[in-house]
Amino acid sequence: MWRYLGKRFLISFGAVLGIVVIVFFIVRVLPGDAAVVRAGPYASPDTIQEIRDRYGLSDPIGQQFVTYLSELARGNMGTSIRTDQPVTGEILQRLPASLELAFYAVLMATLIGLPIGIAAAARPESWVDRAARVFAVLGSSMALFWLGLLLIYFLFYRLRWFPGPLDRLGITTTPPEPITGFFTIDAALRGQFDVVIEAFRYLALPVLTLGFVLAAPILKMVRASMIKTLASDHVRTARSLGIPHRQIIWKDGFRNALIPVTTAIGIVFGYMLGGNIIVEFLFSWPGVGRYAYNAIQNNDLEALQGFVITVGILYVGLNVIIDLLYAWIDPRIRLGGKMAT
Amino acid sequence: MQHRPKLVRLLALAVVMAMVLAACSSAEPESTETTAADGTDDTPETTSAPEPSGEKPGIVVALGDTVNIIEPHTFRSTAAYAVTDALYEPLLEQEFEEQADGLLLGSRQKHVGAAAESYEIVETDAGGLLATFNLRQDAMFTDGTPVTAEDFKYTFDRTILGPGYIGLLLPFIGIDSPDQIRVIDDYTLEVEANVQSPLFERFMTFQVFGAMNKELLEANATAEDEWTFQYLADKGAGASVYTLESFNPDSGVVLVPNPNYWDLENVANSGVTLRTVPDANQRALLVQSGDIDLATGIPPQLLTELEGDENVKIFSAPTTGVQYMGMNQNIPPLDNVDVRRAIMHAVPYQALLDQVMFGFATPAAGVVTSTMETHDPEIGARYATDLEAAAQYLADSGVDQVNLELFVRETNASDQQAAVLIQDNLRQVGINIEVSVLPSADFSERLNAGEMPLFIHDWYSWGEDPFYQMRFLTTCGQFVNYSNWCNEEYDALVEQGTFSLDPEVRADVSSQAQQIFFDNAVWAPLWSADRTAVTGRCVTGLDRDYTLVPGFKYMTKTDSC
């Protein structure tokens, strides 16, 4: 087990290093001169050159790379040409907003997809199964922005059930002192339960938007995995021995279907890690997705690099966690046997 | 194992109950005290709106872009200009005149003292201008430090010697040396220009010349950041109506009245919260629902839909800005004047005003727009759609086939719509256009590199001076003369008009220049967009000055109206 984990960490480190190298060179072939954008309409050649010199954009590419690597080793991802602020600080400031949104969206998607998928698999070809499949098709084909617009229009504008797309908290609400960066958790830890409720109210619409769409792939994976498991020999044996249906579903079916389901949830969460640009844009959510969008529009190289590297590191970390979960789910991995695929 | 499904059910139930509770709850938690975030503090920690002081309401504004940098001498986003306008008070301001719709419009003819209590401008024997400003002795920075002539001297020196872009503008008013800015005593400042330009007085109303706290900035200067450009990226150092309460580039900015402001009793609100709401549709919904008081950057088509809503007011005032299609004369066949004339006369000007701008624009009708002083309407009227004339010009050009690429910005929907209409009309006279939509950075780079044959771009001149506009956009060698046109006779006329105070001379010279510009078919001037804003029904006090940046000092709202 420890050898397995050690190997995973080494591979992860190599992956992160590869991401850093590839991202550095890829962003530099993107079209657009960041110095020109920063200089604005009064962009004299002298002004543009001065900006290039200030941000090291005139240095040879090799020198830029070495400088970037040495700064990155110290946790410094450079300075945003758009805001003149350290990229590390800007990303860390925005990351909790995206992670909080991702967490609850994936949680909602799991809470929707998991039980419906299990119910569908337990009653194949029943109305439950058919309804689940319709839901899966709807969720897979639903345009995020369209669903988001509908929810805003009806649930905010018409019915006033939820607040408008204006950030994570109300205008007059002071955010809780940060501990995790998650307003819902930080406020709870500080005893500000009114802020907890308000944070959930502002989360509701973007989480609903994402959760509905993300539930579809989870549902499909759960259903398919459960059906396969319920058709296996050991389950047939369990049925023939008269073991209760509910026990078969949960103990024999679901537990054995967990590995691919965990993978599916991990993929969904990984997809969310980079922030969802559309949802953050629509709901004015101050996350890394919008940050990345602004960076792309302005060819803000350092910000773009920082964003991709951060997401890459998070994604690698997530995969390590998933591997640990595999070990917990599948004793064969824990005991050093055959690895689950 | 038997307990786990139960645990999952309990957890699911808890989450569902929390969501239901959240949906049903209408209680707003009370705000708590916030920390200041002016130049004396580090990065702000909170972003809550200000507590109402007395009975004055707080104002909430939704802007379309982020406040990226609030250093006042750096080119920045539109939202950032709104913030710096609130933080830095210049020597003068325009006198506001209330329009029929309640908009406070800044006068082009009358200026009044802002940070200066009084002023005098006289002509010098050397053919320049000398302005003497007597500063208010009760004007203070947010930390209580008095605003003195030394602070204004420092500000002007910074624009001339520092790395910002403002130094490029000062030659228009004949200032190029710190020696021309003189401190007579603590509250008397002299500014001497070595030319006579009508823009001189107007420049003194610009926020970029607002007093900066010299003592604070010199204390925070470093070897790498001599003029504190980096230091001020997220802080204020001014003495204007507001001070910076908090600053979060992606969330928003909170401004509260400067407690030491000399005219505090006339500030109509208890503070302003600026929020970034990137999607225009959401901004419109929020102002309709009353969650915000002012929204800017609403597209024309959406404005027409809002017109029927009693809960909102739409302000629309003509500006002197210009949206134009440039023709790069360095790229054949655009070096052929008849090809350019053909293109110019094939553009569907009226259709653009009706179908792209939905009436929220006026005809541009030239580089000196129809809304600008010295505009010659006879020449302006000749920018008309005439497909027969366009076809004739194309035949006269001797060019067999014209295939060109028209570039527009991805972030500008109106430009993209206009490009489609232009493409269709040009096809009718035999000119084939391919429309390319580019992200901002790519567009800017290629525009600066002179790689675009046709492009749609825009410009607005602070100060609204026609010669400033002509000089920047269309004289030989100017870096924003993206059409790469050069005409010495035209340049001489522009030079003459720039430094003349005589209205008749300026009108005559401007007319001659406009004629040359039209004859050479340098651009197709598409429209002059109105400056629009949408407010709640009971919001008043919106103002508009030379810079088109919304001012908040007089904005207020009532519960019923």
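Rule-based calculations on the coordinates, nothing more; no lab input. Values in this document were obtained by computation on a predicted structure and should not be read as measured data. Methodologically, a virtual Cβ is constructed for each residue, glycine included, from the backbone with ideal geometry; neighbour enumeration extends over all protein chains shown.
At a glance:
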| quantity | calculated |
| --- | --- |
| Highest average packing first - B:295-306, A:22-33, Cβ atoms within 10 Å | B:295-306, A:22-33 |
| Net +/- balance of residues flanking A:Val87 in space, Cβ distance below 9 Å, scoring K and R +1, D and E -1 | -3 |
| Ranking of B:Lys110, A:Lys228 by count of other Cβ atoms within 10 Å, fewest first | B:Lys110, A:Lys228 |
| In degrees, nearest ten, helix A:2-27 long axis to first principal axis of chain A (Cα) | 40 |
| Span from the segment A:252-292 Cα centroid across to the segment B:76-150 one, whole angstrom | 52 |
| Degrees separating the helix A:87-122 axis from the principal Cα axis of chain A, which is the longest one | 20 |
| DSSP H segments from chain B that extend 27 Å or more along their own axis, Cα-based, with Kyte-Doolittle mean of 1.0 or above | B:3-24 |
| Angstrom value of the Kirkwood radius, inverse mean 1/r, which spans all Cα pairs in segment B:105-213 | 14.2 |
| Cα centroid separation - segment A:311-328 against segment B:495-561, whole Å | 57 |
| Lys/Arg +1, Asp/Glu -1 at C-beta; chain B dipole; positive extreme among B:Leu352, B:Ser289, B:Gly380 | B:Ser289 |
| Under the Karplus curve 6.51 cos²θ - 1.76 cosθ + 1.60, θ = phi - 60°, whole-Hz ³J(HN,Hα) for segment B:132-137, x wherever Gly or Pro sits | 10, 10, 9, 6, 5, 8 |
| Cβ-based charge dipole, chain A, positive-most Cα from A:Gly148, A:Val134, A:Phe182 | A:Val134 |
| The protein assembly as shown, dipole about Cα centre (Lys/Arg Cβ +1, Asp/Glu Cβ -1), debye to the nearest 20 | 7720 |
| Inter-chain Cβ neighbour average for residues A:28-37, partner chain, 10 Å | 5 |
| Ellipticity estimate at 222 nm from DSSP helix runs (n ≥ 4, -39,500 (n - 2.57)) divided over chain B, nearest 500 | -8500 deg cm²/dmol |
| Charged-residue dipole, Cβ positions (Lys, Arg, Asp, Glu), chain B about Cα centre, Debye nearest 20 | 1900 |
| Over chain A, relative contact order from alpha-carbon pairs under 8 Å, at least 6 apart, % | 28 |
| Net dipole in debye of segment A:86-245 [+1 Lys, Arg Cβ; -1 Asp, Glu Cβ; about Cα centre; nearest 20] | 700 |
| Residues A:Trp127, A:Trp161 arranged by fewest to most Cβ contacts within 10 Å | A:Trp127, A:Trp161 |
| Calculated diffusion of segment B:430-561, Stokes-Einstein form, Kirkwood radius summed over Cα pairs, 20 °C and 1.002 mPa s, µm²/s | 119 |
| Of B:Lys214/B:Lys235; A:Lys7/A:Lys220; B:Lys56/B:Lys110; B:Lys313/B:Lys557; B:Lys56/B:Lys235; B:Lys235/B:Lys313, pairs whose Cα-Cα distance is over 23 Å | A:Lys7/A:Lys220; B:Lys56/B:Lys110; B:Lys56/B:Lys235; B:Lys235/B:Lys313 |
| Angle between chain A longest axis and helix A:255-273 axis [Cα atoms, degrees, rounded to 10] | 20 |
| Per-residue Cβ neighbour rank within 10 angstrom, fewest leading, A:Trp285, B:Trp262, B:Trp527 | B:Trp262, B:Trp527, A:Trp285 |
| Residue-averaged 222 nm ellipticity for chain A, from DSSP H runs of 4+ at -39500 (n - 2.57), nearest 500 | -23000 deg cm²/dmol |
| Where a label projected 7 Å from the Cα of B:Cys561 along Cα→Cβ would reach, residues of segment B:279-308 with amide N under 11 Å | B:293-294 |
| Dipole of chain B, positive direction: furthest Cα of B:Met325, B:Leu548, B:Gln515, with charges on the beta-carbon | B:Met325 |
| Overall Cα dimensions of segment B:355-452, principal axis frame, Å, largest first | 38, 36, 27 |
